[in-house]
1. B:PRO96 - would you say it is at the interface with chain A (Cβ under 10 Å from one of its Cβ atoms), of a type outside the set (Asp, Glu), more than 16 Å from the chain's Cα centre (by Cα) and away from ligand 1 (no atom under 13 Å from the Cβ)?
2. From (1) modelled with pLDDT of 95 or more; (2) within 28 Å of A:ALA239 (Cβ to Cβ), pick out the condition that doesn't hold for B:GLY10.
3. Mind listing whichever residues of segment A:211-248 are open to solvent by 30 Å² or more (accessible area, probe 1.4 Å) and within 14 Å of chain B (Cβ to nearest Cβ)?
4. Looking only at segment B:101-115, which residues are more than 9 Å from chain A (Cβ to nearest Cβ) and among the hydrophobic types (A, V, I, L, M, F, W, C)?
5. Checking the conditions here, which among B:THR49, B:THR74 is open to solvent by less than 10 Å² (accessible area, probe 1.4 Å) and touching a Leu at 6+ places or on another chain (Cβ under 9 Å)?
6. Considering segment A:656-690 alone, what residues qualify as being of a type in the set (Lys, Arg) and part of a loop (DSSP other than H, G, I, E, B)?
7. Does segment B:106-161 hold any residues that are of a type in the set (A, V, I, L, M, F, W, C) and on the phi > 0 side of the Ramachandran plot, and which are they?
8. Considering segment B:22-50 alone, what residues qualify as being in contact (Cβ under 8 Å) with a residue 24 or more places away in the chain and away from ligand 1 (no atom under 14 Å from the Cβ)?
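The values are calculated or read from the model by the stated rules, or taken from the named source; none is laboratory data. Quantities reported herein were computed from a predicted structural model and do not represent experimental measurements. Backbone-built Cβ (ideal geometry, glycine too); neighbour counts: all protein chains shown. Please note that ligands, DNA and RNA were not included when accessible areas were found on the heavy atoms of the full protein model with its side chains. Shrake-Rupley method; radii C 1.70, N 1.55, O 1.52, S 1.80 Å.
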Amino acid sequence: MITQKIDRRSFLKAGAGGLLLGFYLPESGRLKAQTNAASKLNAFVHVGSDDTVTLFIHMAEMGQGTVTSLSMLLAEELECDWNKIRTEFPGVDRAYGPLQGVFGSRSIRTSWEPLRKAGASAREMLIEAAAENWGVGRDQCRAENGVVINTATNARLSYGRLAEAAAKLPVPSNITLKDPKQFRLIGTSPKRLDTPGKVDGRTLFGIDVRLPGMQYAVIARCPVFGGKVASFDAAKAKAVEGVKQVVEISNGIAVLADNTWSAMEGRRALQIKWDEGANANASSASIRKLFVDLAEKPGATARKEGDVEPALAGAAKRIEAVYEAPYLAHAPMEPLNCVAHVRPDGCEVWASTQIQTAARGVAAKVTGLAPEKVQVHTMYLGGGFGRRGGSDYIGEAVEVAKAVGGPVKLTWSREDDLQHDMYRPASYSRFAAGLDSDGWPVAWFTRIACPSFGGLQNGVDRTGVEGVADILYGITNILVEYHAADAGIPVSYWRSVGYSQNTFFTESFVDELAVAGGKDPLELRRRLLAKSPRMLGALELAAAKAGWGQPLPHGRFRGIAVTNNIGSFNAQVAEISVSQGKLRVHRVVCAVDCGQVVNPRGVEQQIQSGIVFGLTAALKGAITIDRGRVQQQNFHQYDVLRIDEMPHVEVHLVPSQNAPGGIGESSTPGIAPAVANALFAATGKRVRRLPIRPEDLV
Amino acid sequence: MAAIEFTLNGKIQKVDVPSHMPLLWVLRDTIGLTGTKFGCGMALCGACTVHVDGQPMRSCVTPVASVAAKHVTTIEGLSSDHSHPVQRAWMEEDVPQCGYCQSGQIMTAAALLAKAPNPTDADIDEAMHGIICRCGTYQSIRRAIHLAAEYRAASVKGGAV
Ligand code: FES
Ligand code: FES
């Protein structure tokens, strides 16, 4: 985890770069530089002489609502007119922290205080400017809806008229933030600021950037992970109408054309001999064997409480199970892409990226320029889900642009996306538990074999064990072990990371324990969570709203699961039916305690979104390997949830005064086990391997 | 290369491109209308949906020559001011998350309402099944289509459009 330490002064005063006046996209017209003089009150707030308030959203918008929710944090204290706000994505700047980006559902958590402070500080400077203008004391002035009011005379000065003077004032040193009871915006659901541009085609995603003289590029990469170009013949590719040039880069062969389609046609005509390298014979079966063999041997200890071995040996009943999950692709709807322009003295990239600092870093590395010479233009993201935390596609674009001079847009096809992802790792986990004579669990053992990408500490990668090692269940003897299994397949962060598979394992296994001990699954969880009030609170709310224990229509069955991740507590009850070999999820009741809620409608959207993502993984998702390459090419082989499969999702918030938790990844892990547990209730069959297959339904 | 002429969002458009070039790339790269999105290139996701003579079509597999002399409408041409009932409903429900799939969703929904002014949930499933949203906005889409049907009925009754 990266902790953000920001010196308060530099944080509030540092510039946002020349972007406000420098950003120019010829054919968009509408994203033109703001023409009225805007005064910079701090890195987050500029006020124009026409009263326009520009808020700088330093974290990328990938659908999770950052543009709106971060604006709410700023505006709550700024007391500006919500209807006059415009937002902009700034360039990379120290003022926005050492690692500028969205990951780990942290946008609200890391912005909660700093952004309210930035808003408050700007407001104080505007009030101070008004007080000086009127020659009165500061306490005779009050800010409201974009104006400062002289409370004695009722005179008013708009922010636009005060901005220039305010910007020259020192940054106030002690800021008192509002008591939550005084919030006007936080806790409400204003309309999303980014909706209008997303219903008329105006919003510019990375893939929509167009520059004069830009060439369109695609890259042929070795289908086998780790392979290289042995030799190639570009003659036929160059003969394709529209193709301009073919260049070799470190990761393959780039074809450049005067439109994307010609570049793709040219790529098809390329003749390439690959040196497939060490992974040429890898398959899903060989990778699984690697995991199985590892799981035979003791692994590194991720959690140890009590003494599991004697507790298991002395238990009245012992339950064992093996759980498995496949590799998964992210498949954001906007295929990866990047526009890059490399000049001898500088480089610009336009990218839909989750981590601007990393984007700048990779461009600096490829060009050999200092990071300050790289300007990153953050575009809207057509989905991220962790994939756009990687900068591989940005490095590629910069390398091509450097090779050819002039601006280049690199576009990945869907096939490129599915075959060259950095996947959610597959995992193989052995579970064992012991019950006492009353049927309550007294021992829990898990041994995980899973590829690592988050770095090892004492042999353990947190991303491989989260969701098991941090279970809140009060069981006296717990041992969780881990093996980093290197299978040669690139892996990385995928929405909810380790929880995405481990919560399925854990919550299904807990259900097995309930059945083995003759307990109701809710009753068992209730008892084991007695010392975790927030988790218990979410569980009780979900169970009550779902009517747990009450009769269901004929053919309907329920399953329940809980998740504690990203500082939030999530409980779900899924209601399903199985008929004619088809599983249908009808209803999902989800209760979440995510601390204080900034935007309830935003939370609801993210919960629904996370459930769809997790349900796709539960019912459909699997990336498989044969001859060292991914077998899935496009959506016909990597299907995702459709509207006719969408359950009715109900979201219930546990009222909370705790600091905000994350939300974007809260609901993804719990849906698979909730559905699998409901399936067990329906069929008596335990699903221990995802995705759920037709043979699991009979 | 071939000179091809069609009506794009109400205006005559001439392009000089290979005749089998997909309409999607002619719109996005040649003409510069980027509201229509690329998602799969194989008629599998619906992100690229436009109207050709009022019918929803997947522009990624529609050769540009096949729209010669026809009327093509893209998301940019649905209305000039968000006044189309589907756009109004989409804004009221705040449907989009990342927004990338939404041009395809909106164009498909608009074509559905033109055909079935008061669609049932089953009609919605059938028409919208092919349009993928990875952000999972389906529940909002369903609500918004019903709302758009109401807006549309109200404006028909009121005599406008
Ligand atoms: S891009 Fe045309 S259907 Fe996917
Ligand atoms: S809103 Fe993101 S893919 Fe649909």
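1. The answer is no for B:PRO96.
2. Unmet condition: (2).
3. Answer for segment A:211-248, where residues must be open to solvent by 30 Å² or more (accessible area, probe 1.4 Å) and within 14 Å of chain B (Cβ to nearest Cβ): A:PRO212, A:GLY213, A:ALA239, A:VAL240, A:GLU241, A:LYS244.
4. Within segment B:101-115, B:MET107, B:ALA109, B:ALA110, B:ALA111, B:LEU112, B:LEU113, B:ALA114 qualify.
5. Checking each option against the conditions leaves just B:THR74.
6. Selection gives A:LYS685, A:ARG686, A:ARG688.
7. B:VAL161 - this is the single residue of segment B:106-161 that is of a type in the set (A, V, I, L, M, F, W, C) and on the phi > 0 side of the Ramachandran plot.
8. B:LEU33
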